[in-house]
Structures are given as structure tokens and as C-alpha cells.
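Peer 1: Dropping a structure here in C-alpha cells format, bear with me for questions.
The values are calculated or read from the model by the stated rules, or taken from the named source; none is laboratory data. Given the structure is predicted, the values throughout are model-derived calculations rather than measurements. Every residue, glycine as well, gets a Cβ built from its backbone with ideal geometry; the counts of neighbours run over all protein chains shown. All accessible areas refer to the heavy atoms of the entire protein, side chains included, with ligands and DNA or RNA removed. Shrake-Rupley method; radii C 1.70, N 1.55, O 1.52, S 1.80 Å.
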Amino acid sequence: MTYTAFTPADLFNCCTDHREPNWGRFERLEIGGCCDESEVPGETLTVGGKSFDEAEFFTIYGRLPDGESEAITDEVDPMRAGDIAEVLSERSGLQLVITY
């Protein structure tokens, strides 16, 4: 692993209210490529399902049993995103799936 120390801001910067989520809610973790396709300054329209080459950033999600997902954290650097995802997988005990 390249990066060894992450802050809570690195690990939980999305929909989890900047805190560690209740891992028991999720079936697995996923990391996927995303882009911001908003055309309005100051707003964000995140579109997932992007290939590695298309992605502007990478999101680590918790996959819920109903098929929905919750974004846990975003990272621009793909190597760092992978390292963060591994830390979250170890921390949560959840399997990590890469979807890009």
C-alpha cells in the first residue's frame, strides 16, 4: 500500500455525513469511476459508471441489499482511491469490488 495514513476527511467525505457509516447496512464496497457533468457553476451532477480512462474521480460506495448505493468517499488520484478502498474494506470487513 502506497499511502499509510488517512484522516477521516480522506475516508468519509461524501454521503455518510463525514463519519464512519454503519457497515452492517452494506453487502459490499465498490469503487467506480465518476465524472461531474453539471453545467451550472457551483453545482455538482455526479455520473458514475465511467471507465478508468473517462473518470475524473473515483468514488467508494457501500452497496445496500436493495441494490442502491451510498457514496462513502471520493478521490481524484486512482492509486490513492484504491488504497483508501482497501483500508475501508479492511476496516469494515466487506468485500471490495472494482467496477471501472
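Peer 1: Just need the relative contact order of the chain here, percent rounded to a whole number, with Cα pairs under 8 Å and 6+ apart.
Peer 2: 34
Peer 1: Express as a percent, rounded to the nearest 5, the fraction of DSSP beta bridges in the chain (both residues included) that run antiparallel.
Peer 2: DSSP beta bridges in the chain are roughly 85 percent antiparallel.
Peer 1: Taking only C-alpha pairs under 8 Å that are 6+ residues apart, what is the relative contact order of segment 1-47 in percent?
Peer 2: Relative contact order of segment 1-47: 20 percent.
Peer 1: How many nm is it between the label spots at GLN95 and ALA5, if each spot is 7 Å from the Cα in line with the beta carbon?
Peer 2: Spacing of the two 7 Å Cα→Cβ label points: 3.5 nm.
Peer 1: Give a residue-ordered list of calculated ³J(HN,Hα) values for segment 8-14 (Karplus: 6.51 cos²θ - 1.76 cosθ + 1.60, θ = phi - 60°; whole Hz; x for Gly, Pro).
Peer 2: x, 5, 6, 7, 9, 10, 10
Peer 1: Compute, for segment 47-98, the length of the dipole vector about the Cα centre, with Cβ point charges of +1 (Lys, Arg) and -1 (Asp, Glu) only. Units Debye, rounded to 20.
Peer 2: With only Lys, Arg, Asp and Glu charged at Cβ, the dipole is about 140 debye.
Peer 1: Mind giving me the nanometre distance, one decimal, between the label points for CYS15 and VAL76, set 7 Å out from Cα along Cα→Cβ?
Peer 2: Between CYS15 and VAL76, the simple spin-label model gives 2.4 nm.
Peer 1: Accessible area per residue, 1.4 Å probe, Å², for the chain: what's the number?
Peer 2: 58
Peer 1: Could you give the radius of gyration (one decimal) and Dmax (whole number) of the Cα atoms in the chain, in Å?
Peer 2: Rg, Dmax (Cα atoms, Å): 13.0, 39.
Peer 1: Rounding to the nearest 20 debye, state how big the charge dipole of the chain is about its Cα centre with +1 on each Lys and Arg Cβ and -1 on each Asp and Glu Cβ.
Peer 2: I would put it at about 440 debye.
Peer 1: Amide H neighbours of TYR100 under 5 Å, counting only residues 5+ apart in sequence or on other chains, H built in-plane at 1.01 Å?
Peer 2: So TYR100 has HN proximity to GLY33.
Peer 1: From the phi angles alone, apply the Karplus equation (6.51, -1.76, 1.60; θ = phi - 60°) to segment 84-99 and give each ³J(HN,Hα) in whole Hz, x where the residue is Gly or Pro.
Peer 2: For segment 84-99, the Karplus-derived couplings read 4, 4, 5, 4, 5, 5, 5, 5, 8, x, 9, 5, 9, 10, 9, 10 Hz, x marking Gly and Pro.
Peer 1: Using amide H atoms built 1.01 Å from N in the peptide plane, name the residues 5+ places from SER69, or on other chains, whose amide H lies under 5 Å from its own.
Peer 2: Placed amide hydrogens put LEU64 under 5 Å from SER69.
Peer 1: Suppose each label sits 7 Å from its Cα in the direction of the beta carbon; what would the ARG25-LEU64 distance come out to in nanometres?
Peer 2: Reported label-point gap for ARG25 and LEU64 is 0.7 nm.
Peer 1: Arranged from highest to lowest average of other beta-carbon atoms within 10 Å per residue, in what order do the peptides 18-26, 40-48, 57-65 appear?
Peer 2: The packing order, highest mean first, is 57-65, 18-26, 40-48.
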